[in-house]
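The values are calculated or read from the model by the stated rules, or taken from the named source; none is laboratory data. Keep in mind it's a predicted model, so treat the numbers as computed, not measured. Reconstructed Cβ throughout: ideal geometry from the backbone, glycine too, with neighbour counts over all protein chains shown.
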Amino acid sequence: MGHAVFIQNPVSIYADAPGEVYNFPKIYLSRVKETVGDWVVLYESRKGAFGYVGVQKVIGIEPDPVRFDHYYAVIEPGSLMDFEHIVPRETPFGIAYEKSLRGADGRATSGGQNVSAVRLLSDPEFAAIVDAGLAAIAGPDAMPRTDRPGLEEAQTDYSVAPLSGDRRRILASRSYRDQSFERKAKAAYGGRCAISGLSLRNGGGRPEVQAAHIRPVKNNGPDTINNGIALSGTLHWMFDRGLISVAEDMTILVSHNKVDPETARRLIHPGQKLMAPPNLRHHPHPDYLRFHREQVFGRVA
């Protein structure tokens, strides 16, 4: 097993399915084989965020049935996880995280290994990138609620050195992933409920919204911002129970045989549309919304 960087841009010539498979040419086969059973870091070039954006776990390799000289790295379902911060190529001290990219002065160079779609990482390089990416988001919008016993203590344990222990174990930890997902979603939506439009805060300034997975974790939904929505407690419960959903054009859908019109009117913003985050990168992914409409909406009692 071993770590690597996989370059995966939002728009690509490869047949990638983010969080499911990673398409690559045969030239990188030996490198990808080293990552099977382990975690890799995702990187976007200037065509995307221009930095390290997340992690996922590789569990196998399959040949590309269409192109004989290409393969797919198969990703463990639900393992894809966004970083809380996009990590640039260099540390705050101006040193490239990857030794293979360092010039004589330690800074990241252009060309060469930079354009390699798959680059192997040492354990220290992987640790440094992941620690930077998963440092807890600061600010009032990402603060945890105070009525959820144990969350603040657990978050504090990770906030100083997020992954100071066994990174493989912690990246697979549902507890840690839930905390990170909640911070990311709440910060992306500015602590505001995306359906009611309300921004309620308790006496400590903590937002009362919760982070809802669009494609549920039990259905291998990833811990990515575009699979999350910030919702009030009641609307979160209704969304998870399939009483409400979101259409392709972001219109709020209501299961009227289960929710009376007056209740819907009181809970949903007059605009009747999801109030998406200002950053397009954080908007709900159409595939996750489609899954919710087809597999959750109107089906859960």
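Residue-by-condition table, conditions (1) aliphatic (A, V, I, L, M); (2) part of a loop (DSSP other than H, G, I, E, B); (3) out of contact with any helix residue (DSSP H, G or I) (no Cβ under 7 Å at 6 or more places or on another chain); (4) at pLDDT 95 or above:
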position: L235; (1), (2), (3), (4): yes, no, no, yes
position: S245; (1), (2), (3), (4): no, no, no, yes
position: I252; (1), (2), (3), (4): yes, no, yes, yes
position: K258; (1), (2), (3), (4): no, yes, yes, no
position: P270; (1), (2), (3), (4): no, yes, yes, no
position: M275; (1), (2), (3), (4): yes, yes, yes, yes
position: P278; (1), (2), (3), (4): no, yes, yes, yes
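Would you pick out the residues in region 180-233 that are part of a strand (DSSP E or B) and either outside the structural domain of A264 (by TED's automatic domain parsing) or of a type in the set (K, R) (or both)? Walk me through it before giving the result.
Of region 180-233, the ones part of a strand (DSSP E or B) are 201, 207, 210-213, 223, 228-231.
The answer is R201, and nothing else.
Going through (1) of a type outside the set (F, W, Y); (2) under 17 Å from E125 (Cα atoms); (3) part of a loop (DSSP other than H, G, I, E, B) one by one, V11 falls short only on (2). Listed by first and then second residue, the pairs with beta-carbon distance under 6 Å, at least 6 apart or on different chains, first residue in region 274-289 and more than 13 Å from N227 (Cα to Cα), second small (G, A, S) and modelled with pLDDT under 95, are M275/G197. The residue pairs whose first member lies in region 243-259 and is at positive phi and assigned by TED's automatic domain parsing to the domain that holds I229, whose second member is surrounded by 15 or more Cβ atoms within 10 Å (Cβ to Cβ) and in a strand (DSSP E or B), and whose beta carbons are closer than 6 Å, counting only pairs six or more residues apart or on different chains, are M250/K273.
Take the residues in region 15-59 that are free of Cβ contacts under 8 Å to residues at least 12 places away in the same chain and part of a loop (DSSP other than H, G, I, E, B), then tell me which one is farthest from D223 (Cα to Cα). Among residues in region 15-59 that are free of Cβ contacts under 8 Å to residues at least 12 places away in the same chain and part of a loop (DSSP other than H, G, I, E, B), the one farthest from D223 (Cα to Cα) is R46.
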